[in-house]
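Note sheet for the following structure.
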Amino acid sequence: MRLAFILIVFLLVLTSSFAHPQDPVDSLKSLLKKPQSDTNRVKILNQLSFRISGNQSDLGIQYAQEALNISLRINYLSGISKSYNSLGICMRVKGDYVNSLDFFFKALQIDETVGNDKETSRTLSGIGAVYVKLKNYDKGIEFFEKSLELRKKNKDLLGVAVCYTNLGDIYEKKGN
């Protein structure tokens, strides 16, 4: 009987550890403690910034700024663009729409220059979201429609769905 009890407790402890996987933010933070190539470090920092931007935008800005500094030092265009994008998201969350647009447009310039349609479509959506926050719905629609076309072209079905959802929300806000 005692052996059965111990076995049950052991199984409960074992299964509960699988039921609660490690938080992605904690995993990313632990990766930062290990030696990384500069490009991997930039990717981790930007992912951290993105994941915490909703509730810790100031810390998100710090991570994105560190990623930007590394990217500029090694001339890593994809990292520079992602860092600007991360900064744009954090600034939008903080309500600093002027700086948010500035960072998004810097990212857009790089995305279009290198021909990265996937990142361009994300950046266009970010710009659209800022215009919606500014209640400039027509500009928001313009940028979400540009994003939508790129996402359709690249067969990004999730991105297409997100764009349609955002466009629907804007038209609802406009009473249309």
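Laboratory data are not the source of any read-out in this text; all were calculated from the coordinates shown. Everything numeric here is computed off the predicted structure, so don't read it as measured data. Methodologically, a virtual Cβ is constructed for each residue, glycine included, from the backbone with ideal geometry; neighbour enumeration extends over all protein chains shown.
Numbers below:
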{"quantity": "Around L134: net Lys/Arg minus Asp/Glu count, Cβ-Cβ under 15 Å", "calculated": "+2"}
{"quantity": "Ranked packing of 27-33, 91-97, most packed first, by mean Cβ within 10 Å", "calculated": "91-97, 27-33"}
{"quantity": "Distance between segment 53-104 and segment 106-176 - C-alpha centres, whole angstrom", "calculated": "18"}
{"quantity": "Computed [θ] at 222 nm, deg cm²/dmol, the chain (DSSP H ≥ 4; -39,500 (n - 2.57); rounded to nearest 500)", "calculated": "-28000 deg cm²/dmol"}
{"quantity": "Packing-based ranking, highest mean first, of 61-71, 154-164 given that Cβ atoms within 10 Å are counted", "calculated": "61-71, 154-164"}
{"quantity": "Label-reachable residues, segment 79-106, where backbone N falls under 18 Å from a point 7 Å from N40's Cα toward its Cβ", "calculated": "79"}
{"quantity": "Unit charges at the beta carbon, dipole of the chain: most positive-side option, Q65, G175, S30", "calculated": "S30"}
{"quantity": "Separation of the K118 and D102 label points, Cα + 7 Å toward Cβ, nm", "calculated": "3.0"}
{"quantity": "³J(HN,Hα) computed for each position of segment 67-77 - Karplus, 6.51 cos²θ - 1.76 cosθ + 1.60, integer Hz, glycine/proline x", "calculated": "4, 5, 4, 5, 4, 5, 4, 9, 6, 9, 4"}
{"quantity": "Chain lengthening between D58 and K152 when straightened (0.36 nm per residue, less Cα-Cα)", "calculated": "30.4 nm"}
{"quantity": "Lys, Arg +1 and Asp, Glu -1 on Cβ, resulting dipole of the chain about Cα centre, debye, nearest 20", "calculated": "340"}
{"quantity": "Cβ-defined net charge surrounding I74, 15 Å radius [Lys, Arg +1; Asp, Glu -1]", "calculated": "+2"}
{"quantity": "Phi to ³J(HN,Hα) by Karplus 6.51 cos²θ - 1.76 cosθ + 1.60 over segment 34-40, Hz, x for Gly, Pro", "calculated": "9, x, 9, 5, 4, 5, 5"}
{"quantity": "Options (i) 1.05; (ii) 1.10; (iii) 1.13 - which one matches Rg/Rh (Cα atoms, Kirkwood Rh) as calculated here", "calculated": "(iii)"}
